[in-house]
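Enquirer: This is the structure I want to talk about, given as structure tokens.
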């Protein structure tokens, strides 16, 4: 589904990604771990099309298409969803409006009929229950005044409504309390199926107790320095990232 | 810059008014004083502090003639209204400055409510219903920056007189429509019409009313609307006022509003500017009794090379009054806006609570705003705050919306609309709010006059 080859990216003059290779197939959950500054969030942002990053080398193919050629909205309509590390507050735009507009853009792109207000509400209700989202949240401005946990839940709720083919979660677990972590994880697990792939970017192993990955990759210095199964995450937690940085050096030498 | 003096067309217009429509002697005298003042000062230039950023040279360089009466059909009229329908409200209509009784519907009003053509009252009523005691008592015609108000006072032909008697509550909004339209069927006769509507609103104690003033036009020639509105809100009166400027793109609109608020009066005024080439809205609110609450809100949208200037002054003269002011502007292309918000707190006006906020959204690199708060505080126990922000669309919010599937233009439109939404939400008449929402969306999507997406 997703083929990232030798991906290099810079912001300003700073090289952040140094040749990422990653292959994600439908149905798989990949965890990307790494210390701060290793390039995890940059990778997520480049995949979603954030403009301040320049791809200087390499390619990304998503479902047979050159992803890097697409505008952010085209990527979304093709089925990529980024759950933001810092969801943006948008005063004056209510959650229901945004979600309905987004869903209908995606449905149009798929050649499906747009939903009216009634159908839309029926459609979202069930997903609201899974994520324990209160109906009143729908009529509030997007993320404005939400707690950290509410913002992250809202991201996963949007994801549940938009039903992406590839979900990318950028440190969705950071700063979550125990309940919110459980709710968010339940939401993600409820969406796991054979057609959908998920990339979970995280600093901590804890999330992976709830969302069990098929593969774990460790990022350091803008490169994947180690890949393995879920055991790798436990090992990382045991030994800390300094263990990996040691590995990087030995790879580099 | 040289002083601009009264040109012959203004003199001709003045002589014609004095000859045919002067009104009672006190009014004729007032006109004479006003025209002398206007002749003395001429139109303001940018050397005047009050007009520093607003160059009215294009107005000074145009020869305006008094607009001639034109007939409109009811269908033509409806499109100019604030809501796209007349809503069954009491409505008074002026076409090219001339009262159109057939299009107006002010016959069946509750007891104690008068909505009339000002000229009719001045001409026919023996005591002029007290107009002579109020008219011209608010608006300044003497200072060099008040030349337009002086010109209006000298040249007004007609306008609206509203009086609501004590303790009367008017349920339905009172609608005033001022429309300027081509006055000649001969396309070669490119005369530039001018109108000088005059409005006087007297809300007696404990009365309540809502007013909607709309200015609209449809003509390719430049025209001038130069209006003066005077409002007196009696003790504990409540007024909700809306001024909608939807003038044609070649129009010049200069408006001056004077508000005198007596004790415990509550007034909110909303100035919405969507059209016009050069638009100036001046508001002076005098809080002249204890416990007054005054709200001034404004929303303006400009593109192309249009200029919108909002000058407000709130004068706190008595203790325990509050004023709230929120102005928001959206500027594209090479549009230019001016916001000048002055708050004066006189020495007796202790416990004043005044808050002013001005926000502008610039959609293009060439759009500009000059914004200036002015606080003059002479009392020592007051709360006055002001804030101004000028910004562009938030790129992070843009990316967020696009990452959810919204296209570039849709994302822009959503954010611009969101910027205006808190002002729209303050509009207390649902049909006006909905009508404006539609006008705003039409303008943002480019289907209105001038698209907003001609820039990078």
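Bear in mind that the values in this text are calculations on the coordinates, not laboratory data. Quick caveat: nothing in here was measured; it's all calculated off a predicted structure. Cβ sites come from the backbone with ideal geometry, for glycine too, and all protein chains shown count toward neighbours.
Enquirer: Sort B:384, B:321 so that the residue with the fewest other Cβ atoms within 10 Å of its own Cβ comes first and the one with the most comes last. Mind dumping the intermediate values first?
Expert: Details: B:384 18, B:321 28.
Lowest count first: B:384, B:321.
Enquirer: For the stretch B:8-288, rounded, prolate or oblate, judged on the Cα gyration tensor with a ≥ b ≥ c (square roots of eigenvalues), a/c < 1.5 rounded, else prolate if a/b > b/c? Show your work: numbers first, answer last.
Expert: On the way: a/c = 1.45, a/b = 1.21, b/c = 1.19.
The shape class here is rounded.
Enquirer: Can you work out the FRET efficiency for the pair residue B:123 and residue B:33, with r the C-beta to C-beta distance and R0 = 22 Å, to the nearest 0.05? Spell out each step's value before the answer.
Expert: Details: r = 21 Å, r/R0 = 0.95.
Approximately 0.60, to the nearest 0.05.
Enquirer: Can you pull the mean other chain C-beta count within 10 Å for peptide A:72-80?
Expert: So the per-residue partner count for this stretch is 5.
Enquirer: How do B:209-217, B:391-399 rank on mean C-beta neighbours within 10 Å, highest first?
Expert: On the way: B:209-217: 23.9, B:391-399: 15.9.
The packing order, highest mean first, is B:209-217, B:391-399.
Enquirer: While we're looking at this one, here's another question. What distance in nm separates the simple spin-label points at residue B:75 and residue A:36, each placed 7 Å from Cα in the Cβ direction?
Expert: Taking the simple label geometry, residue B:75 and residue A:36 are separated by 7.0 nm.
Enquirer: Can you show me the helix-derived [θ] at 222 nm for chain A, built from DSSP H runs with n ≥ 4 at -39,500 (n - 2.57) apiece and divided by the number of residues, rounded to the nearest 500.
Expert: On the way: 10 runs with 104 residues, N = 253.
The helix contribution divided over chain A gives -12000 deg cm²/dmol.
Enquirer: Distance from the Cα centre of the stretch B:30-101 to that of the stretch B:103-140, in angstrom?
Expert: Using only Cα atoms, the two centres lie 19 Å from each other.
Enquirer: Please label the shape of the stretch B:62-203 as rounded, prolate or oblate, based on the square roots a ≥ b ≥ c of the eigenvalues of the alpha-carbon gyration tensor (a/c under 1.5 means rounded; beyond that, a/b larger than b/c means prolate, else oblate).
Expert: Values: a/c = 2.05, a/b = 1.15, b/c = 1.78.
Verdict is oblate for the stretch B:62-203.
Enquirer: Taking neighbour counts of Cβ atoms within 10 Å as a proxy for exposure, in what order, fewest first, do A:97, B:400, B:10 appear?
Expert: Numbers: A:97 17, B:400 25, B:10 21.
Placing the least packed residue first, the sequence is A:97, B:10, B:400.
Enquirer: Can you sort B:324, B:270 from fewest to most other Cβ atoms within 10 Å of each residue's own Cβ?
Expert: Numbers: B:324 17, B:270 24.
Listing B:324, B:270 from fewest to most nearby Cβ atoms yields B:324, B:270.
Enquirer: While we're on this one: Could you tell me whether the stretch B:313-357 comes out rounded, prolate or oblate from its Cα gyration tensor? Rule is a ≥ b ≥ c as square roots of the eigenvalues, rounded for a/c under 1.5, then prolate if a/b exceeds b/c, otherwise oblate. Could you put the intermediate results ahead of the total?
Expert: Values: a/c = 6.42, a/b = 3.02, b/c = 2.12.
Because a/c hits 1.5 or more and a/b exceeds b/c, the stretch B:313-357 counts as prolate.
Enquirer: How far is the Cα center of the stretch A:123-198 from the Cα center of the stretch B:213-251, in Å?
Expert: So the two Cα centres are separated by 49 Å.
Enquirer: Per the helix-only calculation at 222 nm, which mean residue ellipticity applies to chain B, given -39500 (n - 2.57) for every DSSP H run of n ≥ 4 and division by its residues, nearest 500 deg cm²/dmol? Let's see the in-between values first.
Expert: On the way: 10 runs with 101 residues, N = 456.
After summing the helix terms and dividing by residue count, I get -6500 deg cm²/dmol.
Enquirer: Take the Cα of residue A:114, step 7 Å along the line toward its Cβ, and report every residue of the stretch B:397-420 whose backbone nitrogen sits under 13 Å from that point.
Expert: Answer for the stretch B:397-420: B:406-407, B:410.
Enquirer: Something else: What FRET efficiency do you get for residue B:25 and residue B:171 if R0 is 30 Å and r is their Cβ-Cβ distance, rounded to the nearest 0.05? The partial results should precede the final answer.
Expert: Working: r = 38 Å, r/R0 = 1.27.
Once the sixth-power term is evaluated, E becomes 0.20.
Enquirer: Please work out the FRET efficiency for the pair residue B:220 and residue A:6, using the Cβ-Cβ distance as r and a Förster radius of 45 Å; give the result to the nearest 0.05.
Expert: 0.15
Enquirer: While we're on this one: What's the average, rounded to a whole number, of partner chain beta-carbon atoms within 10 Å of each residue's beta-carbon in A:44-52? Write down the numbers at each step before the final one.
Expert: Numbers: counts 0, 2, 0, 0, 3, 3, 5, 4, 2.
The shielding value for this peptide is 2.
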